[in-house]
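The values are calculated or read from the model by the stated rules, or taken from the named source; none is laboratory data. Not measured: the values here are computed from a predicted model. Every residue, glycine among them, receives a Cβ derived from its backbone with ideal geometry; neighbour counts consider all protein chains shown.
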Amino acid sequence: MHLKNSKIIVIKIGSSLIVDNKKKIRKKWLSSFAKDIQKLKSKNKKIIIVSSGAIALGCKKMNYNKSNLKLDKSQAIASVGQIELMNLFSQTFSKLKINISQILLTLDDTEERRRSINAKRTFENLFKLDYIPIVNENDTIATSEIKYGDNDRLASRVAQITNADTLILLSDVDGLFTKNPKLFKDAKLIKKVSNLDKDIKKIYIKGVTEFGKGGMNTKIEAAKICNLAGCNMIIANGLYLNPIQQIEKKNICTLFESRISKLHARKKWIISSVSPKGTLVIDDGAKKALVGGKSLLAAGIINLSGKFNKGDHIKILDTKNKEFARGLSSFSSEEINKIMGCHSNEIEKKLGYITKSEVVHKDDMVEV
Ligand code: GLU
């Protein structure tokens, strides 16, 4: 199974895995899931969990019925339930000495470049600190216009911004079927989808939709986002104990295989930017380093024009003012003005805070 080669894995769990239909918390299941996470950690995998359940647990605590809640009330209830959810994770995971953190995201946090880079850095720092981020939508402030709407979409965006290798959507079905398996006995599980647009046309999606909160359509949308980012996606049944080990052992699931590499996907996206926000002119030494596959450091920059934020697209020119690369700047133009020409160990003093030393990372750069 693909997990063996995956370094960063995002796992999404739906509310129905946390609370059953009799409103009982599935503690035994969560403990088995924690064991799966421990096992993945022992293999040096970096894990992000996207968990629903804030509204379900809030309703349980406050005695409300989830099905007929208005949005504003569910926002208030989510703020109560989110604490319950995290307490549940904290109690369960601390037994196995797994550290956890909470990240609540709103649509703009992944859709807007600058904010998504900030979020990405937080994820990376948590990995370094050996804490597992547990993500949910910031339901208490998200209204319909600024909402992901379902955690399938949220999880795919998280996978995209963190450059994950695999996203696992733990659902209440074994995967994607040729027809709705609850209605048709001859429905077959599709093990692998390697050409999403083509393969999906062969499936009678309409009859296959109504499972879980997001349904099968949102899962397919999530697969599109992942696959374009070079990330594989798996839909599997999370109702079993030790759901991740089940996937590895039994391979009962649907794999949406991305046909492009993560790096290729990223570079294609960089090169296709229609309006770079600024330009950097770099010296011959820096150009040589870049052509040799290195990142761009502040020391090699001799000129700057335009006004841009961290994460924006920029052009890179040589001393003859010829464009030879494009990339994403890890600094704003204001910051670059202060650090241009400086050696990396002077950056902190110039800016007054610690940052990374590459102005454009090699993975964020394409030669034109
Ligand atoms: N964010 C919601 C919650 O935690 C759930 C959204 C979903 O399940 O897709 O209750």
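The table for this structure:
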{"read-out": "In region 21-60, the residues that are part of a helix (DSSP H, G or I), within 13 Å of the ligand (Cβ to nearest atom) and either closer than 28 Å to residue 126 by Cβ or touching a residue at least 60 places away in the same chain (Cβ under 8 Å) (or both)", "value": "54, 55, 56, 57, 58"}
{"read-out": "Residues of region 11-20 satisfying the condition of being small (Gly, Ala, Ser) and either in a loop (DSSP other than H, G, I, E, B) or without any contact (Cβ under 8 Å) to a residue 12 or more places away in the chain (or both)", "value": "14"}
{"read-out": "Spans of helices (runs of 4 or more DSSP H) in region 266-368 with at least 2 residues small (Gly, Ala, Ser)", "value": "284-291"}
{"read-out": "The one condition in (1) at pLDDT below 90; (2) outside any loop (DSSP other than H, G, I, E, B) that residue 180 fails to fulfil", "value": "(2)"}
{"read-out": "Subset tally (residues that are touching a Lys or Arg at 6+ places or on another chain (Cβ under 8 Å) and within 16 Å of residue 134 (Cα to Cα)) for region 71-87", "value": "2"}
{"read-out": "Tally, over region 236-255, of residues that are closer than 13 Å to residue 32 by Cβ and part of a loop (DSSP other than H, G, I, E, B)", "value": "5"}
{"read-out": "Conditions (1) among the hydroxyl-bearing types (Ser, Thr, Tyr); (2) away from the ligand (no atom under 16 Å from the Cβ); (3) surrounded by 14 or more Cβ atoms within 10 Å (Cβ to Cβ): number failed by residue 94", "value": "(3)"}
{"read-out": "Flag for residue 298 being surrounded by 21 or more Cβ atoms within 10 Å (Cβ to Cβ) and in contact with a Cys (Cβ under 7 Å, 6 or more places away or on another chain)", "value": "yes"}
{"read-out": "Tally of residues being within 22 Å of residue 293 (Cβ to Cβ), at pLDDT below 90 and hydrophobic (A, V, I, L, M, F, W, C) across region 327-368", "value": "1"}
{"read-out": "Evaluation of residue 119 against (1) crowded, with 19+ Cβ neighbours inside 10 Å; (2) small (Gly, Ala, Ser); (3) without any contact (Cβ under 8 Å) to a residue 12 or more places away in the chain (one fails), failing number", "value": "(3)"}
{"read-out": "Yes/no for residue 41 being within 14 Å of residue 167 (Cβ to Cβ) and touching a strand residue (DSSP E or B) at 6+ places or on another chain (Cβ under 9 Å)", "value": "no"}
{"read-out": "Residue, farthest from the ligand (Cβ to nearest atom), within region 133-164, restricted to residues that are under 10 Å from the mean Cα position of the chain (by Cα) and of a type in the set (D, E, K, R)", "value": "157"}
{"read-out": "Qualifying positions in region 184-231 - more than 14 Å from residue 255 (Cβ to Cβ), at pLDDT 85 or above, not in a helix (DSSP H, G or I) and not charged (D, E, K, R)", "value": "187, 229, 230"}
{"read-out": "Unmet criterion (only one of (1) of a type outside the set (Lys, Arg); (2) surrounded by 14 or more Cβ atoms within 10 Å (Cβ to Cβ); (3) touching a residue at least 24 places away in the same chain (Cβ under 8 Å)) for residue 289", "value": "(3)"}
{"read-out": "Count - residues of region 97-108 that are closer than 15 Å to residue 122 by Cβ and within 14 Å of the ligand (Cβ to nearest atom)", "value": "5"}
{"read-out": "Pairs where the first residue, in region 84-95, is closer than 23 Å to residue 63 by Cα and the second is aliphatic (A, V, I, L, M), C-beta under 6 Å, 6+ apart", "value": "84/57; 85/54; 85/57; 89/100; 89/134"}
{"read-out": "Neighbours by Cβ (under 6 Å, 6+ apart or cross-chain): first from region 126-141, on the phi < 0 side of the Ramachandran plot; second in a strand (DSSP E or B) and charged (D, E, K, R)", "value": "127/46"}
{"read-out": "Residue tally, condition within 16 Å of the ligand (Cβ to nearest atom) and not small (Gly, Ala, Ser), over region 165-204", "value": "6"}
{"read-out": "Conditions (1) more than 30 Å from residue 256 (Cβ to Cβ); (2) part of a helix (DSSP H, G or I); number of the one not met by residue 110", "value": "(1)"}
{"read-out": "Qualifying positions in region 61-90 - away from the ligand (no atom under 12 Å from the Cβ), touching a helix residue (DSSP H, G or I) at 6+ places or on another chain (Cβ under 9 Å) and either small (Gly, Ala, Ser) or at positive phi (or both)", "value": "76"}
